[in-house]
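Heads up, the thing below is written out as structure tokens.
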Amino acid sequence: MATAAAMAPAPAIPTTFGQAVIGPPGSGKTTYCLGMSTFLAGLGRRVAVVNLDPANEGTPYACAVDIGELVTLPDVMEALKLGPNGGLVYCMEYLEANLDWLHDRLAPFRGHYLLFDCPGQVELCTHHGALRSVFAQLAQWGFRLTAAHLVDSHYCTDPAKFISVLCTSLSTMLHVELPHVNILSKMDLIEQFGKLAFNLDYYTEVLDLSYLLDHLTSDPFFRHYRQLNEKLVQLIEDYSLVSFIPLNIQDKESVQRVLQAVDKANGYCFGVAEQQSLEAMMSAAVGADFHFTSTLGIQEKYLPSPEEEAVEQEDMHS
């Protein structure tokens, strides 16, 4: 006869939410992890940051789990005579082959809100399978992650680079296979790289891209590639998946808007962790904060109005 202890149900494993922070080198992933972890701690969430970038030395945040304990890029490059790109690919394949190590290291942090600081090599998120396999295994273990894909906002000032970023973002969304939030980082620095051809919402909502094509054809170099650019734009618009949220990691309101989108994507806002009210849940479900309004506010804060630019030009000529 079974004992009462044997018949008792196993204790439920708490659902673990988090973000997989991805993006090209220099997009601000490590700074984002530091700022977001500080913001989340201020909200009362138990936060743990996991460094999955073997090239990340001297992180500004306290690592709950550090891939450097398993493998480091300098060691791989020296031992196998690989360059930095090949070394990073090898490191991710090594992690994929040693997922039991990651499982054991993450076990004490079940129930925490996790931030995974991922390597910046673009190929790992567009077509190589190792990092995607790691994310898939995390999902099987009960980790509910959102991919927070950071892109440097200065690409908006160059139509050709922006189309390239759109293609990369779309490829990443299709390959990584996670709920996805695309983020334009470093919004406070965007004005330093030139003027935007259109309002900020044109870039965040990825509106009619034919206007960008017109800008490209004004350049003699890109005029020869108009048909190619038209096909790329058509591909992006056919999928109609890519949009962006502008972010200045130093601005709490900006960080909160990103967090709302992430929480909605991975389902955290519908849980009981913070005992959200029905009103808050419905607000997240219908998008009551109106993304356009928030984008307009960011444009007013970081980008000069036409009137301000006219005054500046008058002052320069006077």
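Residues of region 109-138 that are aliphatic (A, V, I, L, M) and either open to solvent by less than 40 Å² (accessible area, probe 1.4 Å) or modelled with pLDDT under 95 (or both): Leu114, Leu115, Val122, Leu124, Ala130, Leu131, Val134, Leu138. Candidates Thr31, Thr59, Thr72: the one that is among the hydroxyl-bearing types (Ser, Thr, Tyr) and open to solvent by 40 Å² or more (accessible area, probe 1.4 Å) is Thr31. Working carefully through the options Ala64, Ala97, find the one that is aliphatic (A, V, I, L, M), farther than 15 Å from Phe143 by Cα and open to solvent by 40 Å² or more (accessible area, probe 1.4 Å). Every option except Ala97 fails the conditions. Would you be able to say whether some residue in region 177-197 is more than 22 Å from the chain's Cα centre (by Cα) and open to solvent by less than 20 Å² (accessible area, probe 1.4 Å)? No; the residues of region 177-197 include none that is more than 22 Å from the chain's Cα centre (by Cα) and open to solvent by less than 20 Å² (accessible area, probe 1.4 Å).
Among residues of region 15-38 that are over 18 Å from Leu170 (Cα atoms), those with a Cβ under 7 angstrom from a residue that is among the polar types (S, T, N, Q) and open to solvent by less than 30 Å² (accessible area, probe 1.4 Å), sequence gap 6+ or separate chain, pair up as Phe17/Asn266; Gln19/Thr146; Gly28/Ser185; Tyr32/Ser185.
The residues of region 229-251 that are part of a loop (DSSP other than H, G, I, E, B) and touching a residue at least 40 places away in the same chain (Cβ under 8 Å), listed by number, are Leu241, Val242, Ser243, Phe244, Leu247, Asn248, Ile249, Gln250, Asp251. The number of residues in region 198-228 that are of a type outside the set (Asp, Glu), open to solvent by 70 Å² or more (accessible area, probe 1.4 Å), in a helix (DSSP H, G or I) and more than 30 Å from Leu131 (Cβ to Cβ) comes to 7.
Is there a residue in region 31-43 that is assigned to a strand (DSSP E or B), within 29 Å of Lys252 (Cβ to Cβ) and at pLDDT 95 or above? No, the conditions are met nowhere in region 31-43.
The values are calculated or read from the model by the stated rules, or taken from the named source; none is laboratory data. No experiment lies behind these values; they were computed from the predicted model shown. Positions of Cβ are generated from backbone atoms using ideal geometry, with glycine treated the same way; all protein chains shown enter the neighbour counts. All accessible areas refer to the heavy atoms of the entire protein, side chains included, with ligands and DNA or RNA removed. Shrake-Rupley method; radii C 1.70, N 1.55, O 1.52, S 1.80 Å.
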